[in-house]
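A quick write-up on the structure given underneath.
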Amino acid sequence: MGIKWLLLLIIGICAGGLVITLLILYVSRRKESGSTYAASNVISIQGKKNRGWGTFLLQAYQTGMKVPVLSAYILQVQKRISYRYAKDEPALRRVTMTVVLIIMGGYGSISVALFFLQPGLTFIILAILCAVVLNNLVLDMCLSRMEKKLLVQMLDLFADVRHRYHQHGMVEEALYEASEAGAGEAAEQVRLIYEALTSPDPNEALERYYEVAPNRFLKGFAGVSYMVMEFGDQDKQQGSIYLQGLGNLTQEIHLEILRRDRLDYLLQGLNVIALAPILFTGPIERWARVSFPTMDEFYRSKLGFITKISIYVIIIVAYLLLQRLQQYDETRYRSGQKQSTLDRFLYKRIFLRRMAMLFAPKPGTTAYNQTIRLMRESNTELKYEWLAIRRLMLFASCLVLSIGLILLLHQVERNHILHDPIRDDRMFGVMSETDLKVAIEKTALDGAVMTYVEMKQGATYEHISNALLQLAPVRLDHDAQTAAIQRITDKLKAYNNQYMRWWEAVLALFMGIGGYYLPIWLMLFQRKMRSLDMRHEIYQFQTVISILREMDRMSVEEIVEWLNRFAVIFKRPLQKCLLHFEHGPEQALEQLKEEVGLPEFQRLIDKLQLALGKISIREAFDDLESMMAFYFEQRKQDYSKIIDIKAGWGRTIGFAPMYALIFLYLVIPLVGMSFMQMNMYYEQIQKL
């Protein structure tokens, strides 16, 4: 009873958070709808309300930071969105608390539904699962909405910068006036770029801004603005280089917004459809047990337990895959990720390190070279030894979990044999209260006798008969005693057969091997996903080179330095190239080509090799405009294909949990149990 009231208290707190969240959202929508046509006095009143809600959010943040567990969660949410508000701590706190209240409110409403639909231990497990899922879902949705809003603001701001650059012909003046006249996060980002460009050391300030830039478009905009300020704008026949760079960025933003809109439209609602079966497993099970009494035996059996776990696994996997399909990896990629403290801790254990290296491919072998190349191409921020330790730990974890699950299933079957009421095979429908009472008494007697004979499968007829004479509350007649002895013998045999078989051990071993190769499979998947990221960066390199090639006294080394400033995926290979450039430019560029196997990047390096002395940089990149136009059209087609593929997979994955719940948990077991019962009835009819 105490646990029940504790759960009700938690649900009440979450429900209160839901009410507060709905009020905040209501006021926010009123603010947005009224901002376009309100008069000046209404705007002043609305501003007071906004300040009031902002004060409330800041006070909620301060209060939440005093609660130990809640403070850790608030800091985690704040860390996820901190790069969006690099120099605006109050706004960061307000947004953080808004997201936290939305998550708490949504979790409260779902917890109320789960508590009434699936009470007991299942509620606790599903509540924890829903907390993790809802946290990631709301955070991803909020971040995606912020990114899309920023992209739309950037279009207006870039148009304003273009207009003011036409007026003044100076980059710094255009940036300053556009940031002062604009509003929103885009204007704040342009203000940060202006401060970096006008600082005493623009190079260092820009490097700091690159680390916190929300997307690659602002990063490119900052770099193009600095290059024009540093080297001056060169008027070409097509017009200003700076305005041409702004046009390329605007074209890229339009493509990105259209891609996001179409992908969101095709995949909208699939997350809810994939997670909805969590709420209906309990009601469907109760309905099936009441409507079809034979299903009770299935749900209590080991097979029913496996089916329920499988449905939960399908729901989790479907949700994770949908989240992966809806992500925009090319805009969220960051290099130089911090390593896990767990990896460092395990690496210091000498025994684990030696054991892991014993199974890992040895240096000089083909497998070792393939693994190193895969790590480099997938940009894995791991040492080879750390990867080996991680693979060994995953093998051990999957093996232990598989064995534990198998043993748990056998224990579930033992409990089913010992404690489930004995059902008469000739009985139709639901047992009456009298029959149920008799069945429970028989089950208790069987359990007592089995305990008396110490669960031995080889217990003799006389041994079991003597136990029945001593433990039975009333003396049984000959037929009842014979039936009881046969029933107990069958139970003892079934009970003692619940042990791990050789094929189950082999299955657990294969699960461990799957865990061992899981990091390799993830790196293969990551390498495939990064191909699109690489094309984005190549296109950005081409935009930079299109500006630099028009500058006087520009060298190949300076171009490589500028590419290194803009690089994310190719940053490490470019840094190595710069380190070796003084010892031989030709060899350094050749090594760069060998390290990066992307054909588009290799063609770019070929042109830089030609520009080392044979021809000028302008002549080497004379076909750059046509290449950029081709790559842009190619990426538009790739986007269309990828979106169609994602939409097809999304529909299949999104509805898979619902199909699994209906067919695996209801239809197929019902048909199977019906056939088994019909076969049993047919055999009984033949014996008449």
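Observations, loosely collected:
- Residues H478, H410, H463, arranged from fewest to most other Cβ atoms within 10 angstrom of their Cβ, appear as H478, H463, H410.
- Phi to ³J(HN,Hα) by Karplus 6.51 cos²θ - 1.76 cosθ + 1.60 over the range 446-457, Hz, x for Gly, Pro: 4, x, 5, 5, 5, 5, 5, 8, 6, 6, 7, 5
- In order through the range 436-444: 3J(HN,Hα) via Karplus (6.51 cos²θ - 1.76 cosθ + 1.60), integer Hz, x for Gly, Pro: 5, 5, 5, 5, 5, 5, 4, 5, 5
- Counted charge near L624, where neighbours are those whose Cβ lies closer than 10 Å (Asp, Glu -1; Lys, Arg +1): 0
- For L407, net neighbour charge (Lys/Arg +1, Asp/Glu -1) across residues whose Cβ lies under 13 Å away: +1
- Packing-based exposure ordering (other Cβ within 10 Å, fewest first) of R549, R603: R603, R549
- For the residue pairs K308/K646; K79/K593; K66/K383; K148/K576; K219/K348, alpha carbon separations beyond 31 Å are given by K79/K593; K66/K383; K148/K576; K219/K348.
- Taking other Cβ atoms within 10 Å as a rough exposure proxy, M393, M534 sort from fewest to most as M393, M534.
Read the figures in this text as sums done on the coordinates, not as results from a lab. As the structure is a prediction and not an experimental result, all values here were calculated from the model. All Cβ positions, glycine included, derive from the backbone under ideal geometry; neighbour counts span all protein chains shown.
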